[in-house]
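This report concerns only the one structure given below.
The values are calculated or read from the model by the stated rules, or taken from the named source; none is laboratory data. Keep in mind the model is a prediction, meaning the values are calculated, not measured. Here Cβ is always computed from backbone atoms with ideal geometry, including for glycine, and neighbour counts include all displayed protein chains. Keep in mind that these areas ignore ligands, DNA and RNA; they rest on the heavy atoms of the full protein, side chains included. Shrake-Rupley method; radii C 1.70, N 1.55, O 1.52, S 1.80 Å.
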Amino acid sequence: MRMTIWNIGIMSRRSGEVVEVMSRRGVDVCCVQETRWKGGSARWMGMHGSMYKFFWQGCEDENTGVGMLVAEKWVDQVVSVTRVNERVMVMKLVVCRRLFNIISVYAPQVGRSTEDKEEFWDKLYELVNGIPTGEAVVLGGDMNGHVGQHTIGFEGVHGGMGFGTRETILEFGDAMGMVVCNMFFRKADNHLVTFKSERSRSQIDYVMVSSVDRDMVKNVKVVAGEECVSQQRLVIADLLVRGGRKVRKKFVPKLKVWELKKGTVKEKFSECIRNRAGVTDGAEGANERWEAMKKEWLEVTEQVCGGTKGPARHKERWWWNDEAARVVEEKQACFKA
């Protein structure tokens, strides 16, 4: 599965170009930030063969907003979409019989008040902490912060291949048992930078997963040069999701009713039924008579025909009988001759 992160600046007048990039790069799910759309809803985008469904959550002042673009082949696997606020959205998606919680986030940028930043992190802590243990968590977005180049104190969260100076992100990862996937793949500095302008460059967009699922992330790379968004770069994460362990079904024995095709078994079954013909005389009402008769018939069937002792090694064929067996035997004999 290919997942991407992209701060698109504004979705209006760019939706067609954004979807074209997603289709061309084979993206399955894209977490987008700064959509600048009001309200929260969903709509289809793109053309036949490259359709994406866009789920978004915005606000009245149209200066933030998050969303997710989901490829058409994955839409039926969407279980639920929770729009926490204009900066946090979570989607439950079934991938290879496993439930994934994909979280799109847009952290408050420099200049926002301390209260806004604390509210954002409190909501995120509460959301991730409430996800059941068996479900996978993939968080992606514009975190508007840095993780730095050094791993001191955060060896399990940081892979040692970052850019810039560290901030709150590593503390969040350490508390939630998550890792910053960007930091575990060796790249040139230019391929670590996710935001670049004439005056500055920085790494502020990240992919995070639970530490137990770190091995499923095979690569995280930054792609520069997409014309529709000049400063913010596209972050691509390739995930290898293996199917969950198949639960073995509990064996339920069945009565061998097909044995009644044999003449001797059929006669014995009929005789036993005749000997128990009076078992329903004392029953009152149709339901009681039916239950009494059903019980006797099942007991007789089990006594005469027996039951299966394990899963069938070969499927029963309704057309297979003694005549078919004789014809096949003759054909094999002719072939050998």
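When residue 55 is tested against (1) within 24 Å of residue 203 (Cα to Cα); (2) surrounded by 15 or more Cβ atoms within 10 Å (Cβ to Cβ); (3) at pLDDT 90 or above, exactly one condition is not met: (1).
State which residue is farthest from residue 180 (Cα to Cα) when the search covers only segment 125-144 and only residues that are part of a loop (DSSP other than H, G, I, E, B) and aliphatic (A, V, I, L, M). Full working, then the answer.
Taking segment 125-144 as the starting set, the residues that turn out to be part of a loop (DSSP other than H, G, I, E, B) are 130-135, 143-144.
Filter once more, so that each one left must be aliphatic (A, V, I, L, M): 131, 143.
Working: 131: 18, 143: 11 Å.
Across segment 125-144, the extreme among qualifying residues is 131.
List every residue pair whose Cβ atoms sit under 6 Å apart, with the two residues 6 or more apart in sequence or on different chains, where the first one lies in segment 201-229 and is free of Cβ contacts under 8 Å to residues at least 60 places away in the same chain and the second, anywhere, is basic (Lys, Arg). Listed pairs, sorted by first residue: 222/233; 224/233.
Among the residues of segment 247-299, those that are more than 30 Å from residue 323 (Cα to Cα), open to solvent by less than 90 Å² (accessible area, probe 1.4 Å) and assigned to a loop (DSSP other than H, G, I, E, B) comprise 251, 276, 277, 278, 279, 280, 282, 283. Based on what the data block shows, is residue 272 in contact with a strand residue (DSSP E or B) (Cβ under 9 Å, 6 or more places away or on another chain), over 30 Å from residue 98 (Cα atoms) and at pLDDT 80 or above? No. Taking the stated definitions as given, is residue 306 surrounded by fewer than 13 Cβ atoms within 10 Å (Cβ to Cβ) and of a type in the set (Gly, Ala, Ser)? When the stated conditions are applied, residue 306 does not pass them. When you go through (1) open to solvent by less than 50 Å² (accessible area, probe 1.4 Å); (2) closer than 22 Å to residue 240 by Cβ one by one for residue 10, which number turns out not to apply? Against the list (1) open to solvent by less than 50 Å² (accessible area, probe 1.4 Å); (2) closer than 22 Å to residue 240 by Cβ, residue 10 comes up short only on (2). Residues that are modelled with pLDDT under 85, of a type in the set (Gly, Ala, Ser) and in contact with a Ser or Thr (Cβ under 9 Å, 6 or more places away or on another chain) do not occur anywhere in segment 210-229.
Step by step: first the residues of segment 99-125, then only those that are without any contact (Cβ under 8 Å) to a residue 60 or more places away in the chain, closer than 20 Å to residue 35 by Cα and in contact with an Asp or Glu (Cβ under 9 Å, 6 or more places away or on another chain), then the one that is surrounded by the most Cβ atoms within 10 Å (Cβ to Cβ). Which residue is that? Ranking the candidates gives 107 first. Counting only residues that are on the phi > 0 side of the Ramachandran plot and more than 11 Å from the chain's Cα centre (by Cα), segment 78-127 holds 1 of them.
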